[in-house]
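The values are calculated or read from the model by the stated rules, or taken from the named source; none is laboratory data. All values derive from a computational prediction rather than experimental measurement. Because the Cβ atoms are built from the backbone with ideal geometry, glycine has one as well, and the counts that use them run over all protein chains shown. Note: areas computed on protein heavy atoms with side chains; ligands, DNA, RNA excluded. Shrake-Rupley method; radii C 1.70, N 1.55, O 1.52, S 1.80 Å.
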Amino acid sequence: MIVQKTQFNDVKLFYPKVYEDDRGFFMESFNSFIQKEINETFVQDNHSKSKKGVIRGLHYQWDKPMGKLLRVVKGTGLEIIVDIRKSSSTYGVWSGFKLSDINNGILWVPPGFANGFLALEDDTHLCYKTTALHNNNAEGAINPLKSGLDIDWQLPEKEIILSKKDKIAQTFENYKLNPKF
């Protein structure tokens, strides 16, 4: 397993060893090595399927803050994370990570980051483990297109599909008025 550091101290990108032959491939997508590296317990597994252009996010949860271990099992996507921890030296900084069924990258995003996922092709499947159960009463969102953070989503805005919730989500400037982390 290769571990790649990122510009954020606690965010890690894992690349597992993939064993391929004429039958297909085998890889360990989660093991005790990853568990030790992030030192978290997972309580839920989620799976989303998206059309090309769908953005899910930028979401965060503060009451029982949620860390996520993300990977794309089919297709290609762009995972965008934003540091929303007010005391952090990287507060308000964003970064993008391309995840696909070709590169097999596994991204650890700890609590204190808003995250959004853009499907870059049809029928993209994102699977992720979480460190907390979903809590409707303690979730928030930053509008991915009107965040004020100048995020490069790698697709023209006219090709992007958002949920109603994400279309009306706050800007990062509004988040800073009442930060949750």
So, first residue within 13 Å of Gly67 (Cβ to Cβ) in region 35-49, second residue assigned to a loop (DSSP other than H, G, I, E, B) and among the aliphatic types (A, V, I, L, M), Cβ within less than 8 Å, six or more apart or across chains; the pairs are Val43/Ala132; Val43/Leu133; Gln44/Ala132; Gln44/Leu133
Here the residues within region 45-56 that are farther than 17 Å from Glu121 by Cα and open to solvent by less than 80 Å² (accessible area, probe 1.4 Å) are Asn46
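Matching residues to (1) in contact with a Phe, Trp or Tyr (Cβ under 9 Å, 6 or more places away or on another chain); (2) part of a loop (DSSP other than H, G, I, E, B); (3) within 29 Å of Phe181 (Cβ to Cβ):
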position	(1), (2), (3)
Phe25	yes, no, no
Gln35	yes, no, yes
Phe42	yes, yes, yes
Lys52	no, yes, no
Leu58	yes, no, yes
For region 11-45, the count of residues that are under 14 Å from Leu107 (Cα atoms), among the polar types (S, T, N, Q) and touching a Ser or Thr at 6+ places or on another chain (Cβ under 8 Å) equals 0
**Study point:** Lys129 in contact (Cβ under 8 Å) with a residue 60 or more places away in the chain and basic (Lys, Arg)
**Key:** yes
For Ser32, the lone unmet condition from (1) free of Cβ contacts under 8 Å to residues at least 40 places away in the same chain; (2) under 24 Å from Lys146 (Cα atoms) is (2)
Selection over region 55-72 where residues are touching a Leu at 6+ places or on another chain (Cβ under 8 Å) and not charged (D, E, K, R) yields a count of 4
- Condition check for Asp166: under 15 Å from His59 (Cα atoms) and touching a Ser or Thr at 6+ places or on another chain (Cβ under 6 Å): no
Within region 8-44, residues touching an Asp or Glu at 6+ places or on another chain (Cβ under 9 Å) and either open to solvent by 70 Å² or more (accessible area, probe 1.4 Å) or acidic (Asp, Glu) (or both) come out as Lys17, Phe26
Residues of region 138-176 being small (Gly, Ala, Ser) and free of Cβ contacts under 8 Å to residues at least 40 places away in the same chain, in sequence order, are Gly148
Kindly check whether there is at least one residue in region 65-77 that is among the aliphatic types (A, V, I, L, M), assigned to a loop (DSSP other than H, G, I, E, B), touching a residue at least 60 places away in the same chain (Cβ under 8 Å) and open to solvent by 50 Å² or more (accessible area, probe 1.4 Å).
no
